[in-house]
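For reference, the structure discussed in these notes is given below.
Bear in mind that the values in this text are calculations on the coordinates, not laboratory data. This is a predicted model, so every value here is computed, not measured. We place every Cβ from the backbone using ideal geometry, glycine too, and count neighbours over all the protein chains shown.
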Amino acid sequence: MVWGEPRLHPVALHYLEEPACDYVQTAVETVIAIHRQQPDGDVLVFLTGQEEVDAACALIREQLAQVRERLSGQRGKLRPLLAVPLYGALPHEAQLKAFVAAPRGGRKVVVSTNIAETSITLDGIVYVVDACFAKASSFCPWNGASYLNVAPCSRSSARQRAGRAGRLR
């Protein structure tokens, strides 16, 4: 039996015109642009692993502080933005932060591995930023070793990730 959650609203897909040299940095810049220019709604970012997720959260905080510094004294304030990591090895208490509502008048960005692709539902997600990469297990028959490598994610994974938005509007 196959079952799928009905999508309540259509999802608009936007792609980069050129491949990103640094997809983590590009994802962070996209989050900041969404936060500054788009209506309310939380953001879900898909990256490949713990290191990238933690680095992206730190970059979001850093770049947000720089934007606030540039905007200080100008009309209009930048709303609060809470960057929250989500991956399997994260302690349970830290994982729960991804399920807490955004700060009042602000926005939450959950930076995640593919753990958020199918196994959980995050309320409030309106925007999805997907690097379209995932870690895949590979086996080398010459030395008998298994290893993880970063590879483009499948089309079905990309569709599943995009489907995380469109449930609210």
Inset, instruction - Would you work out which of LEU64, GLY41, PRO91 lies farthest towards the positive end of the dipole of the chain? Charges go on Cβ: Lys and Arg +1, Asp and Glu -1. - result: GLY41
Inset, instruction - Quote the relative contact order of the chain in percent (integer), defining contacts as alpha-carbon pairs under 8 Å separated by 6+ residues. - result: 31
Inset, instruction - For the range 26-84, just the Cα set please: Rg and Dmax, both in angstrom. - result: 12.0, 38
Inset, instruction - Quote the Stokes-Einstein diffusion coefficient, in whole µm² s⁻¹, for the range 23-162, based on the Kirkwood radius over alpha carbon pairs, a temperature of 20 °C and a viscosity of 1.002 mPa s. - result: 134
Inset, instruction - For GLU93 and GLU17, calculate 0.36 nm times their separation in residues minus their Cα-Cα distance, and state this gained length in nm to one decimal. - result: 23.5 nm
Inset, instruction - Let me have the 222 nm mean residue ellipticity of the chain computed from DSSP H runs of 4+ only, each contributing -39500 (n - 2.57), with the sum over all residues rounded to the nearest 500. - result: -9500 deg cm²/dmol
Legend entry - 10 Å-binned pair-distance histogram of the range 85-146 (Cα, whole percent): 16, 43, 23, 11, 5, 1
Inset, instruction - Run the quick spin-label model on LEU78 and GLN50: label points 7 Å from Cα toward the beta carbon, then report their separation in nm to one decimal. - result: 2.9
Legend entry - Full-stretch length increase - ARG104, ILE120 - with 0.36 nm per residue and alpha-carbon distance subtracted: 3.4 nm
Legend entry - Electrostatic dipole magnitude of the chain [Cβ: Lys, Arg +1; Asp, Glu -1; Cα centre; debye, to 20]: 700
Inset, instruction - Would you list the membrane-span-like helices of the chain, meaning whole DSSP H runs whose alpha-carbon atoms span at least 24 Å along their axis and whose mean Kyte-Doolittle value is at least -1.0? - result: 50-71
